Amino acid sequence: MGESVIPLADLRYVAPVPEVPAHPAAPIGLLADRLGRPLRDLRISVTDRCNFRCSYCMPKEIFDRDYRFLPHASLLSFEEITRVARLFVAHGVVKLRLTGGEPLMRKHLEELVRQLAALRAADGTPLDITLTTNGSLLARKAAALREAGLRRVTVSLDALDDAVFRRMNDVDFPVADVLQGIDVALAAGLTPLKVNMVVKRGTNEGQIVPLARHVRERWGAQVVLRFIEYMDVGSSNGWRMDEVLPSDEVRARLHAAFPLEPLPPSAPGETAERWRYRDGGGEVGFISSVTKAFCHDCNRARLSTEGKLFLCLFASSGHDLRALLRGGFSDEQIAGAVGLIWGGREDRYSELRAAHQAAPGSGERKIEMHYIGG
Ligand code: SAM
Ligand code: SF4
Ligand code: SF4
């Protein structure tokens, strides 16, 4: 018997069609899963394509010219995404994050933002709509996104040094263009802006202090820098624990350069531990999904590019909502199906990490980050 034989691209189609309840009125409204966690945050992947090949996400050797990305017809349309989002909002979702792949590669994304920005939470307040991007197209698109109703963005930026940055994106993209994208986004009013740095031991650990210094000096408190532990997401990045630089170590290095003090969490289910510079230079965050799991209050669901609902970043299969959207089901029926799915959720991968590692040759593979969305 050889290694796992399921090609990555085909995993996307492994998804049960959700059960539609016979009496759909019952499970609509605020939800809690089996561990009592509400559903508050929906992350929507709008494309599985990307113009970068970050080795921790879409390594070049696998995501090459022959890789089969999803055909356009299988992507959810903007109208389908908005319909799903509306049903999730009826279940208590207050935060929407557009992601991918690289979301700014999806044509006319501002049209989707406009549709989503018209939705209202159950109490009539506008939703918190945000977007995670590699920043490469931000300078061109920030103003239109802001005008369409986007309020905030998160930009992924793993290094300040141009050579390190080009090596990490693996397509020779210059860091100056991303820095300019952040300038333009701030000028367009997309504030406060978050910058996410994935820290890999031996690759960009030397960039922690230089990037923090740049953020402090150039943007001050307008930008919150967050350090993310390198995660074992997907099955193609060759993740190894010895390449994870624990947040405690990142914080110690930063503290030695710029003394820090802790801040209280701002919202339940928040992924980042918040700290601030003692000199008033702004805030930083640490996302420790490997060393300090935060599953106990995880209130996030993920909608893949082709409409599969995933209950955990580390899931190996999703629930095929697109089959319902395109199968003539009513809003009540689809919302009822979502209620049943969330009600049965008991995922807590990070907490169970050791036990959940796919056994070599077992064929169990986790969904890739660029497909499910970060
Ligand atoms: N392309 C956009 C970007 O890079 O911001 C959005 C999608 S990307 C999958 C979302 C986030 O996931 C990024 O901040 C990226 O750095 C992070 N990410 C991807 N693979 C990761 C990994 N193995 N460990 C930790 N973070 C990862
Ligand atoms: Fe693309 Fe974002 Fe993945 Fe990098 S992390 S390859 S930019 S989707
Ligand atoms: Fe949520 Fe799964 Fe991450 Fe735990 S491992 S925090 S359940 S997405």
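The values are calculated or read from the model by the stated rules, or taken from the named source; none is laboratory data. Given the structure is predicted, the values throughout are model-derived calculations rather than measurements. Because the Cβ atoms are built from the backbone with ideal geometry, glycine has one as well, and the counts that use them run over all protein chains shown. For the accessible areas, the whole protein counts, side chains as well, though only heavy atoms, and no ligand, DNA or RNA atoms are used. Shrake-Rupley method; radii C 1.70, N 1.55, O 1.52, S 1.80 Å.
Below is a table of values for the structure above.
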{"quantity": "Evaluation of Asp172 against (1) more than 22 Å from the chain's Cα centre (by Cα); (2) part of a helix (DSSP H, G or I) (one fails), failing number", "calculated": "(2)"}
{"quantity": "Qualifying positions in the stretch 159-210 - within 14 Å of ligand 2 (Cβ to nearest atom), closer than 21 Å to Leu137 by Cβ, of a type outside the set (Val, Ile, Thr) and buried (at least 19 other Cβ atoms within 10 Å of the Cβ)", "calculated": "Ala159, Phe165, Met168, Asn169, Phe173, Gly181, Asn196, Met197"}
{"quantity": "Residues satisfying the stated conditions in the stretch 89-107, i.e. away from ligand 1 (no atom under 14 Å from the Cβ), assigned to a strand (DSSP E or B) and open to solvent by 10 Å² or more (accessible area, probe 1.4 Å)", "calculated": "Lys95"}
{"quantity": "Those residues of the stretch 235-257 which are open to solvent by less than 30 Å² (accessible area, probe 1.4 Å) and within 21 Å of Ala212 (Cα to Cα), in sequence order", "calculated": "Val244, Leu245, Ser247, Val250, Leu254"}
{"quantity": "Criterion: closer than 22 Å to Leu225 by Cβ and within 17 Å of the chain's Cα centre (by Cα) - qualifying residue of Thr271, Thr291, Thr305", "calculated": "Thr271"}
{"quantity": "Search result, residues across the stretch 14-57 that are at pLDDT 80 or above, surrounded by 14 or more Cβ atoms within 10 Å (Cβ to Cβ), away from ligand 1 (no atom under 16 Å from the Cβ) and among the hydrophobic types (A, V, I, L, M, F, W, C)", "calculated": "Val20, Leu31, Ala32, Leu39"}
{"quantity": "Among (1) farther than 20 Å from Thr154 by Cβ; (2) in contact (Cβ under 8 Å) with a residue 60 or more places away in the chain; (3) open to solvent by 40 Å² or more (accessible area, probe 1.4 Å), the one test that Asp232 misses", "calculated": "(3)"}
{"quantity": "Only one of Arg274, Arg213, Arg251 that is more than 16 Å from ligand 2 (Cβ to nearest atom), farther than 30 Å from Arg37 by Cβ, at pLDDT 95 or above and of a type in the set (Lys, Arg)", "calculated": "Arg213"}
{"quantity": "Filter result (within 16 Å of the chain's Cα centre (by Cα) and hydrophobic (A, V, I, L, M, F, W, C)) within the stretch 112-163", "calculated": "Ile129, Leu131, Val153, Val155, Leu157"}
{"quantity": "Helices (runs of 4 or more DSSP H) wholly inside the stretch 247-351 containing at least 1 residues that are within 16 Å of ligand 1 (Cβ to nearest atom) and in contact (Cβ under 8 Å) with a residue 12 or more places away in the chain", "calculated": "247-257"}
{"quantity": "Residue within the stretch 227-237 that is within 15 Å of ligand 1 (Cβ to nearest atom) and more than 22 Å from the chain's Cα centre (by Cα) present", "calculated": "no"}
{"quantity": "Filter result (within 17 Å of Met369 (Cβ to Cβ) and hydroxyl-bearing (Ser, Thr, Tyr)) within the stretch 289-321", "calculated": "Ser289, Ser304, Thr305, Ser316, Ser317"}
